[in-house]
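Student: I have a structure I would like to understand better, so I am pasting it below and will then ask my questions one at a time.
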Amino acid sequence: MAGRASPWPLGLLIVLLTLTASPQLSLSKDADVLLKFKDALAGGDAALRDWVKGTTPCNGKVRLWTGVICDGGGNVHGLQLQNMKLSGELSIDALVDLPALRTLSFTNNDLEGPIPDITKLPALKNIYLSNNNFSGEIDGGLFNKLRSLKNVSLSSNQFTGPIPTSLVGLTKLLELKLDDNKFEGPIPDLRQPSLKLVNVSYNTLEGPIPAGLSWMNPSLFEGNKNLCGPPLDVPCRKPSSKKKPSPLLIVVIIVIAIGVLLAIIGAIMFMRRRHHEQIESGVLSPSKTKKIDPSEADKLEQISVESRGAGNKVAEEEHGKLMFVKEGVQSFELHDLLKASAEVLGCGNFGSSYKAVLFDGPAVVVKRFNNMNAVEREDFQEHMRRLGRLSHPHLLPLMAYYYRKEEKLLVTDFIPKGSLAHMLHGRNGSNLPPVDWPTRLKIVKGVARGLAFLYEELPMLTVPHGHLKSSNVLLDDSFEPLLTDYALEPVINRTHASQIMVAYKSPECAERGRPSRKSDVWSFGILILELLTGKFPANYLRQGRAGMDLASWVNSVVREEWTGEVFDKEMSGPKNGEGEMLKLLQIGLGCCETDVDKRWDLRMALEKIEELREKESEEEFSSYASEGDANFSKAMTDDDFSFSTNHS
């Protein structure tokens, strides 16, 4: 007997079965591709433990595997494998079989070798390879087939050679970051109307900046000795049509120059000898100065003597004198500082500093830095001019600088009230009053605003401050904070910076040795906790033991008995200010997350801090007072301030 006929045509059944099975088949294929890619990735086994055979990367838009970005159809749309300690050369050959792949990010790893062959992914829209060890020249035609690219980030690597000219053809390009490499030659003529940012700072580029980029911030082109034209204040020289002088003429000029130089040196020596004879005979009397430490005086005198004989190296206006970068201040010379009444203020990690009171002039602070000798004169001067242009109510402005190969001097105004560290920890035996809660809140808000300004004005710096701590926060007569020793990371020797700068002591730097902008946020979080607890952070640092910091101590006490232990007992304030103090404590801990991805960014921290008040309303205070310590546990998991604690 014949079987019963199917009501569905055979062809239609096959189509329906295919459509039903295809999503699972697609997911299975994506999983196989990613597992193959993981096998070829050094460090992938440790970082990508949930990439397991038999599971799928995506469930709709929800990612099930670390670092995977999913689209609405459950396909792998991108890979975000940042801060995972991946190493070795990067091969993306296996990713060719991911048709929906549009974004790749391998930022902050230890990958090396040449740039991966991204031409095999023509539909790619975003490629982020910053903060690795990629090196070598990039083929000029690499980007010819990548017409969909919108974001290209290759910052902080070791790329050499010319910038690929094929970037000119990326009509959809929005951001291009090539800073902190070794690119050389001219900048390609980038004219895309969609371009919002092009950062080529700190390379060895030369020639005029393309007209299509002339509207951008000058800081995006700094650190290149031979770039010229807008937006830089460096005019481009027209090619000279004059004939080169003959070798004989050059020899004559050199002989004359040497003769003039010898005459100048002889005149200087004669004047110095005569000056000393007049002092010995009583005609002149030495300047009455308060003696600095002998070694300091000797070194400063050596700077003065050497600067007078430096005419055979560079022009006087660039060497041998103080260079002022702050407008509207009374100028003076190096010898005025040497004659001034002086007082040693201290010797810090960067170098020594002293206060000098100029005759009929202001009191200034002179800091001597002896760990900047890896910086060329032009690079140093360019960075100092950039700092001199910064102006904000919560930044102590740089007044002047002095360049010498072995050591540098930076001059700023003297702030009589001193530092926040002194106000918090140096009150023993003094008449300084305790710092109350409203004052501490004012200081935190000012520091946050100053940091935000640095972040906005110095987009090319990895750590816009880099050395934020209570001794680098000065207080004016109204207890408004002034940040100092900021933005010096580019001119500090890299090895020395990693040893002394606070940002380099963040958890991620302890593990990988590389700071990020969130390293500054970590330093800010420690500063907030220092203000609230009255504890000195250095007392909680133990060499070689990760996580042993002030934030760890706060977390441990929070879990036990927060009311009696966390807040500084000398921090007096309104009776109904405890809730606001608690909110600031939560902000501080959010900034001190050991996991960089979970750590708050500065924008979020600033928004929360600006919402804080000196005290709560009576209704809010009554709620806290009636429920007691239970409010602490509730607030620690509040939606607006929730974070995970990984310090214990």
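Any read-out appearing in this document is the output of simple, stated calculations on the displayed coordinates, not a laboratory observation. Being a predicted model, the structure only gives us computed values, none of them experimental. Please note: Cβ atoms are built from the backbone with ideal geometry, for glycine as well, and neighbour counts cover all protein chains shown.
Student: Out of residues 5 or more away from Gly113 or on other chains, whose amide H comes under 5 Å of its own, with H placed 1.01 Å from N in the peptide plane?
Tutor: Here Ser135 satisfy the definition.
Student: In the structure displayed, which of Lys326/Lys505; Lys196/Lys408; Lys85/Lys177 lie more than 25 Å apart, Cα to Cα?
Tutor: Flagged as over cut-off: Lys326/Lys505; Lys196/Lys408.
Student: Follow-up. Calculate the spin-label point distance for Ala211 paired with Glu611, positioning each point 7 Å from the Cα along the beta-carbon direction, and give it in nanometres.
Tutor: According to this spin-label approximation, the distance is 4.9 nm.
Student: What number comes out for the charge environment of Ser478, summing +1 per Lys or Arg and -1 per Asp or Glu over other residues with Cβ under 12 Å away?
Tutor: Value of the local net charge: -1.
Student: From the phi of every residue in region 578-594, what ³J(HN,Hα) in whole Hz does the Karplus formula 6.51 cos²θ - 1.76 cosθ + 1.60 yield, where θ is phi - 60° and glycine or proline is x?
Tutor: 4, x, 5, 4, 4, 5, 5, 4, 5, 5, x, 5, x, 7, 10, 4, 5
Student: Using modelled amide H (1.01 Å from N, peptide plane; none on Pro or chain starts), what sits under 5 Å from the amide H of Leu395, excluding residues fewer than 5 places away?
Tutor: The list, which skips near neighbours in sequence, is Leu483.
Student: Output the pairs from Lys367/Lys518; Lys445/Lys583; Lys182/Lys225 with a Cα-Cα distance over 20 Å in this structure; if there are none, say none.
Tutor: From Lys367/Lys518; Lys445/Lys583; Lys182/Lys225, over 20 Å: Lys367/Lys518.
Student: Arrange Trp600, Trp553 by Cβ neighbour counts within 10 Å, fewest through most, would you?
Tutor: Taking fewest neighbouring Cβ atoms as first place, the list is Trp553, Trp600.
Student: Between Glu406 and Glu137, what FRET efficiency follows from the Cβ-Cβ distance if R0 is 45 Å, with the result rounded to 0.05?
Tutor: Efficiency for this residue pair is about 0.80.
Student: In which sequence would Arg440, Arg613, Arg603 go, from the one with the fewest C-beta neighbours within 10 Å to the one with the most?
Tutor: With the fewest neighbours first, Arg440, Arg613, Arg603 line up as Arg603, Arg613, Arg440.
Student: Residue by residue through region 48-56, what is 3J(HN,Hα) from phi via Karplus (6.51 cos²θ - 1.76 cosθ + 1.60, θ = phi - 60°)? Round to whole Hz and write x for glycine and proline.
Tutor: Those phi angles translate into 10, 5, 8, 7, 10, 4, x, 10, 10 Hz.
Student: Non-local amide H neighbours of Val198 (under 5 Å, H modeled in plane, Pro and chain starts lacking H): which ones?
Tutor: Residues meeting the criterion, in which the H sits 1.01 Å from N, are Leu176.
Student: OK, next. Over the Cα atoms of region 20-228, how large are the radius of gyration and the largest Cα-Cα distance (Dmax), in Å?
Tutor: 18.2, 62
Student: A further question on this structure: Quick check on packing: order 359-372, 172-185 by the mean number of other C-beta atoms within 10 Å, highest mean leading.
Tutor: 172-185, 359-372
Student: How large is ³J(HN,Hα) for each residue in region 336-343, as worked out from phi by the Karplus curve 6.51 cos²θ - 1.76 cosθ + 1.60 (θ = phi - 60°), to whole Hz, x for Gly and Pro?
Tutor: Taking θ as phi minus 60°, the curve returns 5, 5, 5, 8, 6, 5, 10, 9 Hz for region 336-343.
Student: Related question: Kindly state, to the nearest 0.05, the FRET efficiency for Val357 paired with Glu456, given R0 = 30 Å and r defined as their beta-carbon distance.
Tutor: For Val357 and Glu456, the calculated efficiency is 0.25.
Student: In the neighborhood of Asn131, defined by Cβ-to-Cβ distances under 10 Å, what is the net charge if each Lys or Arg adds +1 and each Asp or Glu adds -1?
Tutor: 0
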